[in-house]
Amino acid sequence: MKPVAVGLWFAFALPAMSAWQAGAARADITPTESVPLAGYGGKTRMSERVEHPIWLKALALKDDSGAISVLVTADLVGLSDKMVSVITTSAREKHGLPRERLILNTSHNHSCPVTEDVLWLYYEFTPEEAAARDRYTQRVYEKYDEVIAAAVANLAPAELAFEQGLAGVAVNRRRSRGPESRAFGGQVDQDVPVITVKAGDDLKAVVFGYSCHTTALGGLSINGDYAGFAQIELEKSFPSCVAMFVQNCGGDANPLPRIRGKDLEATELASMYGKVLAEAVRQVIAARMKPLSSPIRAAMGETKLQLQPGIPLDELKQRVPNLSGMPKREFEHFIRQYETLGSPPDHVNYPVQVWQSGSDLTFIALTGETVVDYSLKFKAAYGWNNTWVCGYNNDLTSYVPSLRVLKEGGYEGVTGMFEYGHRAPYTEAVEKLITTKVEDLVKSTK
Ligand SMILES: [Zn+2]
């Protein structure tokens, strides 16, 4: 597919009483040189080819209160605190966008370039590889600016609607790790929430979500994984449309089965998963959808997720000479924290955002690699048919286990914590703290 320049815009006439104005845009972030690939630890993977372009996409919504809210989706593995700060500061300065009205979601794509300090403990780069990362990061910052500006500039009367479909691609991946993992539950959320933005009969943008890691592929090509293929499918079906993928609570789900070591077959499978998801979205669009009422009430807050005690300094120093690769980098990082901060931090700041569109839709945006229990829990609490829960907003932070997942142990929430630079797993208060913050914000936006 040929890259399309930023500023895919639409202008169209609707009666003046339309409650919404909407603008969509996309910006091509396909690297123009070989870059280190993100998402998997181990040996550095340098990209060798482009399977299809990758994108930033933005939807700006101006409601009848005059407030503008912007959702940006990205075929990236995640953002870091530093990246979120650069992007949101720029959006505030240039467009007056308050923080609570800018949601930054990433698809958690594992076939994209490394940016800035995202998952920095995973990688050990040569100076040339680090320079390629830095050049790419700079470009991504510029593209975030451009895509937000283009979406806001494109605001024009529109109608919004919401409904959900289903797609059977996600499998709870904790069950796929050998016989001992079979004791884990197989919870998944296969809902496909969809928001359409229309001008008359013309579909101008579609935002769709799914709870599943974008890890069908792990080769050396740049692509958007199954989510990229799904977006391409939808933009083929609806040529004037910007199709935006939101990663929901896919922390413990993979697209399965997967093929490793045979790139052609793996790509065909990823493309098929994308087609399945796109078909689910097409079916939602073809059926009756519920109009979304204006305005969006938006709120943002932060909770502190406490961490269990870390490894004592003596022990770190004793063990580090026997380590190599990522475990060595992790231990050295904790030793540095003891030396510079007194000790590794005892908590992680955890932002939560809520957008509420009357009683039609409660959009809950969580931070980091949230497991499926959060999606199921908040939909049970606020309505299965009018609640959209997504993780993978803001800083990639860490896996965010529910109490169940934390108690079960395993990678998501226990053994995976060091990789994110955190001294230990969260305490058992993790789910309660997030739930209380979501409850406060949902209440404040009613
Ligand atoms: Zn992940």
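No value in this document is a laboratory result; all are computed from the given coordinates. Computed from a predicted model, the values in this text were never measured in an experiment. Virtual Cβ from ideal backbone geometry, glycine too; neighbours counted across all protein chains shown.
Which helices count as membrane-span-like in the chain under these terms: full DSSP H, at least 27 Å along the axis by C-alpha, Kyte-Doolittle mean of 0.0 or more? Intermediate results must be reported in sequence, preceding the final value.
Details: long enough: 127-153 (39 Å, -0.68); 263-286 (34 Å, 0.43).
Membrane-span-like by this rule: 263-286.
Our Cα-only numbers for the chain put the radius of gyration and Dmax at 21.0, 72 Å. Summary value for the chain: 17 percent relative contact order, contacts being C-alpha pairs under 8 angstrom separated by 6+ residues. The lysines within cross-link reach of Lys204, meaning a Cα-to-Cα straight distance under 23 Å and a gap of 8 or more places when in the same chain, are Lys2, Lys57, Lys62, Lys143, Lys236, Lys275, Lys290. Taking the Cα centre of the chain as reference, the dipole from Cβ charges on Lys and Arg (+1) and Asp and Glu (-1) amounts to some 540 debye. Taking θ as phi - 60° and the Karplus parameters 6.51, -1.76 and 1.60, the scalar couplings of the stretch 314-319 work out to 4, 5, 4, 5, 5, 8 Hz in sequence order, x denoting glycine and proline. Toward the positive end of the charge dipole of the chain, about the Cα centre and with charges on Cβ (Lys, Arg +1; Asp, Glu -1), which of Val242, Ala380, Leu71 goes farthest? Working it through, the farthest residue towards the positive pole turns out to be Ala380. Beta bridges from DSSP with both residues in the chain: antiparallel share about 75 percent, rounded to the nearest 5. For Arg404 and Asp81, the FRET efficiency from 1/(1 + (r/R0)^6), where r spans their Cβ atoms and R0 equals 30 Å, is about 0.60.
Ranking Gln306, Gly325, Val192 by Cα position along the charge dipole of the chain, where only Lys, Arg, Asp and Glu carry charges on their C-beta atoms, puts Val192 farthest toward the positive end. With the charge dipole of the chain set up from +1 on Lys and Arg Cβ and -1 on Asp and Glu Cβ about the Cα centre, the Cα lying farthest toward the positive end among the listed residues Asn254, Pro179, Ala38 is that of Pro179.
Computed from point charges on the beta carbon alone (+1 for Lys and Arg, -1 for Asp and Glu), the dipole magnitude for the stretch 193-258 about its Cα centre is near 20 Debye. Along its principal axes, the stretch 69-199 has C-alpha extents of 54, 49, 22 angstrom, given from the largest down. Summing Cβ point charges (Lys, Arg +1; Asp, Glu -1) relative to the Cα centre of the stretch 137-218 gives a dipole of roughly 600 debye.
Over the stretch 310-374, what is the relative contact order in percent, taking alpha-carbon pairs closer than 8 angstrom and at least six residues apart?
With pairs under 8 Å counted, the relative contact order is 19 percent.
A simple spin-label model places the labels of Leu166 and Glu124 4.8 nm from each other, with each point 7 Å out along Cα-to-Cβ.
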